[in-house]
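Participant: Below is the structure I would like to discuss, written out as structure tokens.
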Amino acid sequence: MKGEAFKGTGSLMKLLFRKDRLKIAVWLAGFLLVTASAAAAYPTVYKTEEDLAGFALTMKNPAMKAMVGPGYDTSDFTTSLVFAVEMLMFSVVAAAVMNILLVGGATRTDEEEGRLELIRSLPVGRLAYLGAALVEALIVNGLLALLIGTALSRTDLDGLTAESAFLYGALLGSAGFLFAGVTALFAQLAETSRGAQGFAFGALIAFYVLRAVGDVEAEAASLLSPLGWVSRAYVFLENEWWPVGLSVLAAAVLIVLSLYLHAVRDMGAGFLPARRGRARAGALLKTPFGFVLRQQSTTVFSWALGIFLLSASFGAILGELETYYGDMELILQILGEDDASGLTEQFLSLIIVIITLFGIVPALTTVLKLQGEENKNRSELFYSGAVSRRTMMFSYGAAALLVSALMQFMLALGIWSAGASVLEGVATFGKLVQSVLVHLPAMWVMLGLAFLLIGFAPRAVHLVWLYFTFCFVVVYFGDLLEFPDWLKGISAFHHIPEPLVESFRPGPVLLLTLLFALLSMAGYAGYRRRDITG
């Protein structure tokens, strides 16, 4: 009977690989390109002992510990250690995102859209499809570990060995596979694909916040987070392998639990009870705009809470940052007291733009929902009545703009609520809100690009995520990899002024807003003229 439950897993695994081959190739190529490029750039950035000593001093900064991990307790820093400190944590987060999307798409999404019911009508086992999805995740993460390890072993990073290179890759692969297990578990608990992926992303944010707080305040808290385990591998120095084994063990436990729950639950059901809706729809829900808001409400609420908690965690350590700089007499003597305080503003500006990139996700998924409804043949239900395409596109666009503004407000509120006492000497609440809201036009450009693709290339609409990834790479790695100005300029965020550290320039903000309007109007023109699927 146990063997029958997995009957057909091999064939279904081939089907999943064929369906996801482009996504997998893009993800693996992106990891390989960014990792190899960064590894090649570090020896040119940190050329002298003074450069490395300066970085070691920076890593004593509580804010840096919160952002990238505890670092290394050594004064003999090498370029490989600098690479690990700055790259490992965000690479692990990216691996987690990849697995959440892959496993979420192969479980709840396929079940929600009716593909699993079709497959189960064939002679396959009850657990075959979930098993195939998890085997796919295992192979993809194994390839990720192997490719990254091989690429790093061929670089010239000082202090790198073959063991440490493959340990770095194994940390990415094992942590990614752990989040494949997390997503598989939530796919059994939630009733919808949005709910399952929302819970998985929420868990990722919670683990990141727990690690950040633990690395600054209490190590025990950090050890409760899988992201905290990764930091304790001390790759390129002590090369501890236990975090890899612990991640794989935790993934195995989650997978066994997921398979059991999948075997006993009904198709289309979830173990978390759905909240009962109202007996009658309110006036707003009867409008297209209200329908869109209701459709996205759970996702938006989850992301808003996550953005607030993430922002508050960084706001909470601003006091530690101020104390750190106040105690570093050498920095104060070299930079002057005004410049030292300006470092807090520079760090805060970086945090704002990074969290802003996370805040784009719910706004962008709101726009992409328009195409998602069309792919599921539900758009024709709107257009068979007295609802125009202009009304629906405007409704999704207005909802996305509202969501983007909400995310930015939660960002400002989170930072201020936890770090108000420190920010009083840096910026007023109004100044902080201005510094956050000024990024809205850059967010809107991405929404406009999504509308353009919906209008003219609906099958390629997910290419907007490539632009999203490019913007993140430019923000975080642009200076390190020495991107030319013309390449940085492709990212809308490169043109946004930072009111905390420079005077406000309205020109770029107005131009980006105009670009969003032009992209959206062009997208509407294409959407109005083309055929609707179904």
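The values are calculated or read from the model by the stated rules, or taken from the named source; none is laboratory data. Bear in mind the structure is a predicted one, so any value in this text is a computation, not a measurement. FYI the Cβ positions are ideal-geometry reconstructions off the backbone, even for glycines, and counts take in every protein chain you see.
One line per residue, one yes/no per condition, for (1) within 27 Å of Val353 (Cβ to Cβ); (2) among the small types (Gly, Ala, Ser):
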site: Val213; (1), (2): yes, no
site: Leu223; (1), (2): no, no
site: Tyr234; (1), (2): no, no
site: Ala251; (1), (2): no, yes
site: Arg265; (1), (2): no, no
site: Arg280; (1), (2): no, no
site: Thr299; (1), (2): yes, no
site: Ser302; (1), (2): yes, yes
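Participant: All but one of (1) modelled with pLDDT under 85; (2) exposed (fewer than 14 other Cβ atoms within 10 Å of the Cβ) hold for Val256; which doesn't?
Facilitator: (1)
Participant: In addition: Scan the range 76-86 residue by residue and report those that are in contact with a helix residue (DSSP H, G or I) (Cβ under 6 Å, 6 or more places away or on another chain) and either at pLDDT 85 or above or not in a helix (DSSP H, G or I) (or both).
Facilitator: Selection gives Phe77 alone.
Participant: Any chance the range 136-155 includes a residue that's charged (D, E, K, R), in contact with a helix residue (DSSP H, G or I) (Cβ under 9 Å, 6 or more places away or on another chain), crowded, with 22+ Cβ neighbours inside 10 Å and in the same structural domain as Arg21 (by the TED database)?
Facilitator: Here is the first cut: in the range 136-155, the residues charged (D, E, K, R) are 136, 154.
Remaining after also requiring in contact with a helix residue (DSSP H, G or I) (Cβ under 9 Å, 6 or more places away or on another chain): 136, 154.
Filter again for crowded, with 22+ Cβ neighbours inside 10 Å, leaving 136.
Then drop every residue that is not in the same structural domain as Arg21 (by the TED database), which leaves 136.
There is at least one residue in the range 136-155 that is charged (D, E, K, R), in contact with a helix residue (DSSP H, G or I) (Cβ under 9 Å, 6 or more places away or on another chain), crowded, with 22+ Cβ neighbours inside 10 Å and in the same structural domain as Arg21 (by the TED database).
Participant: Would you tally the residues in the range 88-119 being farther than 30 Å from Arg232 by Cα and crowded, with 16+ Cβ neighbours inside 10 Å?
Facilitator: Going through the range 88-119 one residue at a time, the tally reaches 10.
Participant: Right, another one. Determine which member of the set Lys7, Lys19, Lys14 is under 27 Å from Gly104 (Cα atoms), modelled with pLDDT of 75 or more, outside any helix (DSSP H, G or I) and not aromatic (Phe, Trp, Tyr). Talk me through it step by step, then tell me what you get.
Facilitator: Numbers: Lys19 fails: outside any helix (DSSP H, G or I); Lys14 fails: outside any helix (DSSP H, G or I).
After ruling out the rest, the residue left standing is Lys7.
Participant: Now a separate question. Please find, within the range 128-161, the residue that is nearest to Ala184 (Cα to Cα) out of those that are charged (D, E, K, R) and touching a residue at least 24 places away in the same chain (Cβ under 8 Å). Can you show your working first?
Facilitator: Within the range 128-161, the first condition is being charged (D, E, K, R), and the residues that meet it are 136, 154, 156, 158.
Those left that are additionally touching a residue at least 24 places away in the same chain (Cβ under 8 Å): 136, 156, 158.
Details: Glu136: 12, Asp156: 39, Asp158: 39 Å.
Result: Glu136.
Conditions tested, residue by residue: (1) assigned to a helix (DSSP H, G or I); (2) touching a His at 6+ places or on another chain (Cβ under 6 Å); (3) closer than 19 Å to Trp444 by Cβ; (4) not aliphatic (A, V, I, L, M).
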| position | (1), (2), (3), (4) |
| --- | --- |
| Arg459 | yes, no, no, yes |
| Leu463 | yes, no, yes, no |
| Cys471 | yes, no, yes, yes |
| Tyr476 | yes, no, no, yes |
| Glu482 | no, no, no, yes |
| Leu487 | yes, no, no, no |
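Participant: Right, here's the next one. Go through the range 114-211 and tell me which helices (runs of 4 or more DSSP H), entirely inside it, have 2 or more residues that are at pLDDT below 85, in contact with an Asp or Glu (Cβ under 9 Å, 6 or more places away or on another chain) and at negative phi.
Facilitator: Numbers: elements: 115-120, 128-153, 162-189.
Counting at least 2 such residues, we get 115-120.
Participant: Being in contact with a Lys or Arg (Cβ under 6 Å, 6 or more places away or on another chain) and in the same structural domain as Gln296 (by the TED database), is that true of even one residue in the range 388-396?
Facilitator: Pass one, the range 388-396, residues in contact with a Lys or Arg (Cβ under 6 Å, 6 or more places away or on another chain): 389.
So of that shortlist, the ones also in the same structural domain as Gln296 (by the TED database) come out as 389.
Checking the range 388-396: at least one residue is in contact with a Lys or Arg (Cβ under 6 Å, 6 or more places away or on another chain) and in the same structural domain as Gln296 (by the TED database).
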